[in-house]
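Here the structure is laid out as structure tokens; the discussion comes afterwards.
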Amino acid sequence: MILVFGKTGQIATELQHSSDVMSLGRDQADLSDPVACVKVIKNYVPRAIINAAAYTSVEKAEDEEDLATIINGHAPTEIARTCAEMQIPLVHISSDYVFEGSGKAAWKPCDLTVPQTAYGRSKLVGEEGIIGSGATYAILRTSWVFSAHGTNFVKTMLRLSETRDSLSVVADQIGGPTPARDVSDTCLTIAQQLQEDPSKSGTYHYSGAPNVSWANFASEIFRQASCTVNVTPVQTAEYPTLATRPLNSRLDCRTTINTFGLKQPKWGISLKEILKELKAKV
């Protein structure tokens, strides 16, 4: 059995499609209480752990950095230490926000981490704790996750299209939209391979292809959904936010693909499937 921290998030929801997964919600394992998480692991004695739970509000983290650091930093560290003690592998979801966020080159796993936000700093604390834990692990950095579940850019655009015929969308932030279902499948594959070959421990990147701006992503959403909405490209500077948003969220996924025998997901194909799923729910 694979124990998953997280139950309602996009990736955690997809992970529950596997019959080999035991998914824990906040009522069963609250990452704001790292000691309780350790007790849960020892109670279940899983063969692997996937941490798909996190403090995800980039804006709120600026005012709640201590809490974000406990959830994204201290809890994963304690989980990893317990994994090391019990000799079970850990797959941990992280973020491109650990990088400085400028330039145009895709970030490699070995690139210098210089987070610009409280959220990014909290995620880096978790990464560093896992690396130093002695566990067999895979830190999987991803970005721009979307699905038919939870809150995400695709669902937000569709909601806005119901009352708007034009939208201004940021065009100078570039990244790879990543289907949650593909992240889920990748986590399961990596967990299995880490059991078989602990030498594959390390930090990896996984995002959809091709890289695109938020504005172009929005345009493709509306095109595939047959929504008549005009997208006006704007610059990030025109819409200041409390937390700095990275202009460059490109991730170099070659190490992940080569190490685990995976393919980079084509987000346009997944978008079509997700739109069908959302339409069926109406």
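The values are calculated or read from the model by the stated rules, or taken from the named source; none is laboratory data. Quantities reported herein were computed from a predicted structural model and do not represent experimental measurements. Cβ sites come from the backbone with ideal geometry, for glycine too, and all protein chains shown count toward neighbours.
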**Asked** Since A54 meets every condition but one in (1) surrounded by fewer than 21 Cβ atoms within 10 Å (Cβ to Cβ); (2) modelled with pLDDT of 95 or more; (3) under 18 Å from G9 (Cα atoms), which condition does it not meet?
**Response** (1)
**Request:** Answer yes or no as to whether S219 is over 16 Å from A180 (Cβ atoms) and surrounded by 19 or more Cβ atoms within 10 Å (Cβ to Cβ).
**Result:** yes
**Prompt:** Where residues in region 114-149 are more than 25 Å from E196 (Cβ to Cβ) and of a type in the set (A, V, I, L, M, F, W, C), which of them is surrounded by the fewest Cβ atoms within 10 Å (Cβ to Cβ)?
**Reply:** V114
**Prompt:** If you check S102, S94, which single one turns out to be surrounded by fewer than 21 Cβ atoms within 10 Å (Cβ to Cβ) and either in contact with a strand residue (DSSP E or B) (Cβ under 7 Å, 6 or more places away or on another chain) or over 18 Å from T244 (Cα atoms) (or both)?
**Reply:** S102
**Message:** Pairs please, first residue from region 24-40 and free of Cβ contacts under 8 Å to residues at least 40 places away in the same chain, second anywhere and among the polar types (S, T, N, Q), Cβ atoms under 7 Å, 6+ apart in sequence or on different chains.
**Reply:** G25/T8; V40/Q28
**Request:** Could you give me the residue pairs with C-beta distances under 8 Å whose first residue belongs to region 213-237 and is in contact (Cβ under 8 Å) with a residue 60 or more places away in the chain and within 17 Å of L275 (Cα to Cα), whose second residue is among the small types (G, A, S) and in a strand (DSSP E or B) wherever it lies, and which are 6+ apart or on separate chains?
**Result:** V229/S166
**Message:** Pairs needed: first member in region 134-162, farther than 23 Å from L124 by Cβ; second member anywhere, in a loop (DSSP other than H, G, I, E, B); C-beta distance under 6 Å; at least 6 residues apart or different chains.
**Reply:** F146/N152; F146/P177; S161/C227; S161/V229
